[in-house]
1. Which of rounded, prolate or oblate describes segment B:82-124 when judged by the alpha-carbon gyration tensor and an a/c cut-off of 1.5?
2. Restricting to Cα pairs below 8 Å that are 6+ residues apart, what does the relative contact order work out to for chain B? Please round to a whole percent.
3. Based on the alpha carbons, how large is the Rg to Rh ratio for the protein assembly as shown when Rh follows Kirkwood?
4. Could you tell me the distance between the Cα centroids of segment A:73-148 and segment B:20-47, to the nearest Å?
5. Looking only at B:263, B:52, B:275, which one moves most when chain B is put into a Gaussian network model with springs between Cα atoms under 10 Å?
6. Treating the angle as unsigned and between 0 and 90°, give the value, to the nearest 10°, between the Cα long axis of helix A:5-45 and the longest Cα principal axis of chain A.
7. How far is the Cα center of segment B:72-123 from the Cα center of segment B:273-350, in Å?
8. Can you tell me how segment A:49-148 classifies by the Cα gyration tensor, rounded, prolate or oblate, using a/c under 1.5 as the rounded cut?
């Protein structure tokens, strides 16, 4: 039996629609896989990626032992718009930035008046930050800790 | 920061193979139906398109990109469907669209290479807003501004190229709104003063609401573009809601839009015409006049049925300007309900994925950017598909990635690249 042009054309047309759906099935599959991974990640995420724990403070400042959760890029300062707000007149409105880049924590002074101290010494440029390091801003000292 | 260490993107590659398969099948069907025979050289055009897709994939692999692997195959799949439809509906425009794809691919790569955490976008937010406004009013300027099909939304030099600046404004707007709303985060975290059940919006919110409304109305009156007005205001209300979680602001916005629309309906002919056509397209005065495009589109949809007329076998060319405004009706006529459902599923997965990227993003700014960009795709699809099927008045919004048009292709590729960048930042932070 000879396969006519019209039959072949219809074959290609139907193949097109079937292939569209085969693609979509795989796309849905990929979506489903990441969603089930998402559930596991979500619980870890609620705890934040890390936190600054207050180790030294004063009367008007944050309470000692308080955990201030960090984002990937967190601004630290006196202004209420910061991610980590420190109520201390020795702190600048935007004092420092703590960031997480390629698996490493970094501390950077954002042009503050009184400077930022890392383990007791004033930082000049961008400094690497390790878990357990102590950061001092104004009269407040904070320690970088892993998420609980 | 992007490090130049190649990574395998196998999930993306596997999906792209399926994109390649249906692209070739669809294109061959369209060409064979038109010419009445199969010829091997017909696969040259889809292969050229697929070569560009492959190059984009290799580019992401070579820069060690860690972002989402599902978004690009979806976007490129839709683009490929777009090329099949250009070949079907306006073969003379194919070469032009192919050159636009090259430009779009370049813009995509450029966006991927934006340094670091995209904070550069937030830092220059007023620059973006200013550029956006400049682009928005540019069609009103003499010499470069041009009016096409009753809408003054184009700039270009006659005979060389023309561009719809509005398309790019959308992306600039989302970035500006995201940065603006992110900056006023502290106002956002305090609950608004309430006047009974009505929250009184703080000034930083009230001011842009009024400003945006004025600009949106300006676009409607002077550029005569209903679609842009709708999208412009829609983006703003959606992002305001995303940032505040306060449905009342959206309500105020909708009431203002409805009020403006009511006045415009009575004051301006081009607005009234759109509404009249939508209400009664088969009216004897309108059927073969202003409503001709819409009624022909409705006949196309009616001709579709479950399985459609078959690619290349329908009569979508009877719709005026079918390749830009009515691609959805044309596609549906030829592949039927089954095909239209698949097309909408592409958008569904794309938007769902975009919103997931937004949920996972590490900073408020990135969350707002990703959500706003996903919203653009969802809103445009909704407005044009509903317009084609006479659910709402027809507006000149393009079907993302699919409709013919250089400006929208470039913009959508930039949009997709930005979403991918957000997911890349998320992946690096979480590792």
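The numbers here are math on the coordinates, done by the rules we state, and not lab data. These figures come from a predicted structure and were not determined experimentally. Cβ coordinates were reconstructed from backbone atoms using ideal geometry, including for glycine residues, and neighbour counts include every protein chain displayed.
1. On the way: a/c = 4.40, a/b = 3.71, b/c = 1.19.
Prolate, because a/c is 1.5 or more and a/b exceeds b/c.
2. Working: 595 pairs, mean separation 94.3, N = 431.
Reported relative contact order: 22 percent.
3. Numbers: Rg = 26.5 Å, Rh = 26.0 Å.
With Rh from the inverse mean 1/r over Cα pairs, Rg/Rh is 1.02.
4. Using only Cα atoms to place each centre, the spacing works out to 61 Å.
5. Its mean-square fluctuation being the largest, the pick is B:263.
6. Tilt of helix A:5-45: around 20 degrees.
7. Answer, in whole Å: 25.
8. Details: a/c = 1.41, a/b = 1.16, b/c = 1.22.
Rounded.
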